[in-house]
Amino acid sequence: MSTAATHPSAYEAVASTGPNVRHFLFRRLHSLTGLVFGGYLVVHLLINASLVEGARHDGHPSVFQVQVDKIHSLPFLPVIETVFIYLPILFHTIYGIWVTLTGRPNVQNYPYGKNWFYVLQRASAVVLVFFMLFHVLGMKGVFGGDVGRALTFAPLAATQSTVNHFQSAWWVGYVVYPIGILASCYHLANGFWTAGITWGLTVSAHAQKRWGLACSGLFALTLVCGLLALVSTLRAKAGPLPADVVPELRGPGNIGDKGTPPAAPNAAGSQAR
């Protein structure tokens with residue numbers, strides 16, 4: 001009797017496991033890019049926490065300005081940003097959207113803590129997609145109008161332009177960023193916790209519990225840093241930037257338009273020009 005039907009060829013065996021191998025590799029790459037972006041986010045929030053110092057007017061740069069200067073003095077900065085920030089975020093986001101769309105949450109049938117963590121991870125991911133778009137495009141000067149000008153980040157006046165960014169509109173500082181910071185910190189901490197399982201570092205329940213405590217501490221640390229930066233900038237005074245450091249807006253119809261923040265309202269309630 002022929003055994004061809006019961007013993008598939010090596011090619012058929014590999015082909016049948018192809019989707020599983022791809023899924024395994026994509027999940028590992030998704031986790032790895034999440035760790036890269038997560039590490040960047042921790043550093044980003046720690047640096048932003050130095051905004052608590054505020055803008056200095058004694059001729060010395062603030063701690064935040066010093067850190068921004070160091071970053072912008074790096075050689076090949078656009079290449080570094082693209083390879084280590086934008087591309088990892090892009091893959092992590094695209095694959096994360098696929099996971100969200102194809103996932104089947106069963107929290108209604110099994111309302112356990114870990115299931116709720118999964119649902120919140122997916123929900124925070126959706127929030128993060130829109131928050132990152134707003135944050136990056138706003139800082140880069142893509143939006144137009146008075147709000148777009150105030151949102152634009154000026155590296156040579158880092159502290160003051162960040163204050164203007166958060167105070168560009170009431171909904172920016174009091175709605176968008178509180179929600180975005182909370183979603184970012186939760187997604188970071190819970191993502192690090194699941195990465196321990198993904199990479200086989202926390203196999204036992206005891207190890208997962210210990211790592212969960214560490215990730216809870218990371219959540220608290222990053223949330224405090226983010227809120228410190230937010231509250232500090234909202235308490236500071238918005239104001240115009242020196243004309244020689246104001247970047248140009250990049251959005252459609254804004255080419256050549258300087259991103260000067262809008263003037264303060266005058267006594268009649270209209271903006272002074």
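Worth pointing out:
- Meets criteria (surrounded by 13 or more Cβ atoms within 10 Å (Cβ to Cβ) and among the small types (Gly, Ala, Ser)) for Gly113: no
- Of the criteria (1) farther than 28 Å from Tyr95 by Cβ; (2) modelled with pLDDT of 90 or more, which one Pro8 fails: (2)
- The condition (being touching a residue at least 24 places away in the same chain (Cβ under 8 Å) and over 19 Å from Met139 (Cα atoms)) is satisfied by just one residue among Ala195, Ala214: Ala195.
- Filter pass, Ser161 being crowded, with 16+ Cβ neighbours inside 10 Å, within 16 Å of Thr233 (Cα to Cα), out of contact with any Phe, Trp or Tyr (no Cβ under 7 Å at 6 or more places or on another chain) and not aromatic (Phe, Trp, Tyr): no
- Residue check for Ala158: in contact with a Leu (Cβ under 6 Å, 6 or more places away or on another chain) and in contact (Cβ under 8 Å) with a residue 24 or more places away in the chain: no
- The condition of being among the basic types (Lys, Arg) and under 30 Å from Val246 (Cβ atoms) holds for Arg149.
- Residue count for the range 192-243 under the criterion of being under 26 Å from Pro155 (Cβ atoms) and among the charged types (D, E, K, R): the result is 2.
- The lone exception for Val127 - which of (1) at pLDDT 95 or above; (2) closer than 21 Å to Ala238 by Cβ; (3) touching a Leu at 6+ places or on another chain (Cβ under 9 Å) it fails: (2)
- Output for the range 219-250, where each listed residue is part of a helix (DSSP H, G or I), surrounded by fewer than 18 Cβ atoms within 10 Å (Cβ to Cβ), in contact with a Gly (Cβ under 9 Å, 6 or more places away or on another chain) and in contact (Cβ under 8 Å) with a residue 24 or more places away in the chain: Leu234
- Residue within the range 226-233 that is more than 30 Å from Leu29 (Cα to Cα) and of a type in the set (Gly, Ala, Ser) present: yes
- Any hit, the range 255-267, residues being modelled with pLDDT under 90 and either under 16 Å from the mean Cα position of the chain (by Cα) or among the charged types (D, E, K, R) (or both): yes
- Candidate set from the range 83-109 (those that are surrounded by 13 or more Cβ atoms within 10 Å (Cβ to Cβ) and more than 16 Å from Gly38 (Cβ to Cβ)); member that is farthest from the chain's Cα centre (by Cα): Val107
- Any hit, the range 195-202, residues being exposed (fewer than 13 other Cβ atoms within 10 Å of the Cβ) and modelled with pLDDT of 95 or more: no
- Positions within the range 53-93 being assigned to a helix (DSSP H, G or I), over 29 Å from Val231 (Cβ atoms) and of a type in the set (A, V, I, L, M), in sequence order: Leu77, Val79, Ile80, Val83, Leu87, Leu90
The values are calculated or read from the model by the stated rules, or taken from the named source; none is laboratory data. Quantities reported herein were computed from a predicted structural model and do not represent experimental measurements. With ideal geometry, Cβ positions are generated from the backbone for all residues, glycine too; neighbour counts draw on all protein chains shown.
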